[in-house]
Structure formats: C-alpha cells, structure tokens
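All remarks here apply to the structure that follows.
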Amino acid sequence: MEKRYYSIGKVSKLLNIPITTLRFFEENFPHLIKPLRTQGKHRRYTEEDIKVFSFIREATKGISLKNLKEHFNQKEENSLKEKIQKLQESLILIDQRVRVMESQIKKIEEKFQKLEENKKFKRWF
C-alpha cells in the first residue's frame, strides 16, 4: 500500500487546526513530527503525522499557544542556564588542572636545573 502525503493546508482543514498552530507544534515537538519537504520546501505529512498532531492538540487542549510558547521558552532558558553552569564548572576544573600541571612543570624545571648545577659542580673536581 502506497503512503499518502498531505499538505499543511489539507492537514489544517482535516483537523480544524490553524496552520500557524501546526507549525508551532512541528517546531516544538521535532522529535514527534518530521514532515517530508518537496523540492520547493513545502511540507508533506503522513497519516502518522496527522495522528500525532491530533494527539498533541488533545494533550494541550485548554492551553493557549501563548502559554505553550512561554513554557517552551522557559524550558529553553532553563536548559541554557544549566548548560552555562556546566560549562563554568568545567572551566573551573580545567583551570585547576592547568595550575597542577604548571606546578609540576615548575618542579621538573627545578630538578633539571639542579642536575645541570651538579654537572657543573662535578666538572670542578
């Protein structure tokens, strides 16, 4: 059986969901909805995609797009804050490692210098 594909306009009419809402769902649930694109970049949805749209609509019923957008923006913001915090923690660890390595290099240089001095001292005798 051949797969059928539907334009965003057709899906909008079938589900009685505005095109802007379908695009919003697609952008915010990319792991659930991945339409095919034509050469002209037009979206083409499968019957499975239509079922997912329908499920999302039911799951978010009673919640305005504005509230959904705020939720996703807040989620992204929190995620970004967490990433920044992890990066800062990593920088602190790297800085500590660099200091340890610099200390080790200094000790090695001091030992090398002592060896050189011992060589010079032995030449005197």
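Bear in mind these aren't lab numbers, they're just calculated from the coordinates by the rules spelled out. Computed from a predicted structure; not experimentally measured. As a convention, Cβ positions derive from the backbone with ideal geometry for all residues, glycine included, and neighbour counts pool all protein chains shown.
At a glance:
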quantity: Principal semi-axes in Å for the chain [√(5λ), Cα gyration tensor, largest first]; calculated: 66, 19, 9
quantity: Order of 57, 43, 4 under a 10 Å beta carbon neighbour criterion, fewest first; calculated: 4, 57, 43
quantity: Degrees, to the nearest 10: 19-28 long Cα axis against longest axis of the chain; calculated: 30 degrees
quantity: FRET efficiency, 1/(1 + (r/R0)^6) with R0 35 Å, evaluated for residue 23 and residue 96 via beta carbons; calculated: 0.15
quantity: Distance between modelled label sites at residue 63 and residue 51, nm, 7 Å Cα→Cβ extension; calculated: 2.2 nm
quantity: Angstrom value of the Kirkwood radius, inverse mean 1/r, which spans all Cα pairs in the stretch 1-61; calculated: 11.7 Å
quantity: Residue pairs, from the table 61/81; 13/34; 86/106; 34/69; 10/41; 3/66, whose Cα atoms sit over 24 Å apart; calculated: 61/81; 86/106; 3/66
quantity: Estimated [θ] at 222 nm from DSSP helical runs (n ≥ 4, -39500 (n - 2.57)) normalised by residues in the chain, nearest 500; calculated: -25500 deg cm²/dmol
quantity: Cα-based helix-to-principal-axis angle, 47-59 vs the chain, degrees rounded to 10; calculated: 80 degrees
